[in-house]
Amino acid sequence: TDTDTSDEAVRATCDDATICKRFATSKNYWKDPYIQYFARSVGERKAPEINRGYYARVKGVNHLLDAFIRKTECDCQIINVGAGLDTTFWRLKDENLLPQKFFEVDFPTVVARKIHNIKTKPPLSKPLIETHSTDSLLLDAHSLDSDRYCIIGADLRDISNLDEKLKKFQLNPELPTLLLSECVLVYMTPSQSSNLVHWAAETFHTAMFINYEQLNMSDRFGQVMIENLQRRQCTLAGVEVCQSLDSQKERFLKTGWEHADALDMMTVYSMLPQEDVARIERLEFLDERELLQQLLQHYSICWATKDKLNLGLSQLAF
Ligand code: SAM
């Protein structure tokens, strides 16, 4: 069916993210010693503005994520929705920033691939075993559950199933919780992503949601981005929420979140530590700076908080 083709195309997008991240790290934009185990080879060259865009995305998201973990002194949990082949769990382990538990959710077939990689690559499996206290590590084809890391195969559009599975794997609604979605909500209709965001606000009294995705999609450049994805049968069902920073924030403010902020990635790029930005700008020559600007103006980070425990989550920013 059309839905199957479209879902399959959406699932394939996790490889794009991994391949681009692998290439950028091979050029030293940032360090990720684990990404090599999820992308078979460095792959073909990517344009400098693409690498800088991924740099801004990774640094921007990590900035907020790490700030949340520090604010809660690791007494928290993280749920990465549509995590794909993301390597954040391993980075946090290496940096002594592991939350109580790190959950990932993606379609079962993506999860099965990720679990296969973890099983067969000791640098990935060792940290899991090291952070696990008993012999009873659950590792089957479609789920993995250890003390600190859990991967669940589920469709994010089916909230009751998602809720049930997370609870089965000891999700704790009382713990401060960070939800992360990186280029995921745009593949769901506005009502489906609202349901997810609403579920999170209802489930956790103290939480933060970080969402990275496309922005300003109604202009010419945005139309070209949409056409490029459509050519691969990939439907951006949620594109209307990507019209403006206000519509990004509204999705949260309408569904029970107390506070929301949003920035386009050009602004985020200009707020990142400028010493490191100067370093990466020396890595590859970029002829036309407008190209980078245009690209960065078409992505955003939106973050929302609710804070019953008064941890000061609404102050987290750039
Ligand atoms: N967040 C990862 C990253 O940034 O590297 C992966 C991003 S990739 C562009 C989008 C991911 O969202 C894919 O892995 C896809 O399978 C997942 N996804 C999209 N819609 C989903 C849904 N309804 N249920 C579960 N996963 C979904």
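Every read-out reported here was derived from the displayed coordinates using simple, explicitly stated rules and does not represent laboratory data. Predicted model, so just to flag it, every value in this text is computed and none were measured. As a convention, Cβ positions derive from the backbone with ideal geometry for all residues, glycine included, and neighbour counts pool all protein chains shown.
Under the criterion of Cα pairs below 8 Å and six or more residues apart, the relative contact order for region 17-89 equals 36 percent. Against the empirical 2.2 N^0.38 Å (N residues), region 50-202 has a Cα radius of gyration ratio of 1.01. For the chain, the fraction of C-alpha pairs farther apart than 32 angstrom is 23 percent. Here region 217-318 is treated as an ellipsoid with the same Cα gyration tensor; its semi-axes, largest first and in whole Å, are 28, 23, 10. My understanding is that a pair violates if its Cα-Cα distance is over 23 Å; which of Lys71/Lys114; Lys31/Lys121; Lys114/Lys167; Lys46/Lys119 do that in this structure? Pairs exceeding the cut-off: Lys71/Lys114; Lys46/Lys119. Calculated mean residue ellipticity at 222 nm for the chain: -14000 deg cm²/dmol, from DSSP H runs with n ≥ 4 weighted as -39500 (n - 2.57), summed, divided by the residue count and rounded to 500. Taking a Cβ cut-off of under 13 Å around Glu104, the surrounding Lys, Arg, Asp and Glu residues balance to a net charge of +1, with basic ones at +1 and acidic ones at -1. A Gaussian network model of the chain, with springs between Cα atoms under 10 Å, assigns the largest mean-square fluctuation among Gly43, Gly53, Gly82 to Gly43.
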